[in-house]
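Read the structure below first, then the notes.
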Amino acid sequence: MNKSLLKFLTDFGPLVIFFYYYYDSEKDLKVAIPPFIVATIIALVVVWFLEKKIPKVPLLSGILITFFGSLTIYFDNPVFIYIKPTIINILFGLALIFGKYFTNETMLKKLMGNTISLTNEGWEILNKRWIYFFFGLAILNELVWRTQSEEFWVNFKVWGLLPITFIFTAFQVGLINKYKTNE
């Protein structure tokens, strides 16, 4: 099977399974979360099998999906799954803030330095923008789940947060081009 297709399936397959069970069960999180957890674990195992490593972001996400999904089921309280995106975004924001204190470069440069080459000033600006973005997403998730219906939140998580992230990322192209180095 094509490696990029397999990556796509491991990234989005668990989400498709979640949506299928959520809408098939007449919008019941307790029915949709167990297959979502299982699909997420299977996706992580497939990634490990193919690459002999699991990238940190999918691993952290899988751990949090399993943890908060299990809490949601055990306590019969959807708040736990609602706050998962908030916690993930806060953790990412904090990692970018504190990463510089533990290394000589921004955490974003450490993660993406092989992909793009920027001046130190460019990395600093990009790192700050992502910090604000992650905290903004955390606040936005809190506002949505606290003020909207569960179905709205479920749809917002995919059809809202994902496009917002793509748009934000696209808006960083100008900054990247301005501070790009020719290494």
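Throughout, read-outs are computed from the coordinates displayed, never taken from laboratory work. Here the structure is a predicted model, which is why all the values come from computation and not from measurement.
Numbers for the structure displayed
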read-out: Kirkwood Rh (inverse of mean 1/r, distinct Cα pairs), region 45-127, angstrom; value: 14.9 Å
read-out: Amide proton proximity set for L118, modelled H, under 5 Å, gap of 5+; value: T181
read-out: Candidate lysines - alpha carbon under 28 Å from K84, same-chain residues fewer than 8 apart omitted; value: K7, K27, K30, K52, K53, K56, K100, K109, K110, K128, K157
read-out: Reduced Cα scattering model of region 1-77, Debye log10 I(q)/I(0), q = 0.14, 0.21, 0.28 Å⁻¹; value: -0.46, -0.90, -1.28
read-out: Overall Cα dimensions of region 26-183 - principal axes, largest extent first, Å; value: 54, 39, 26
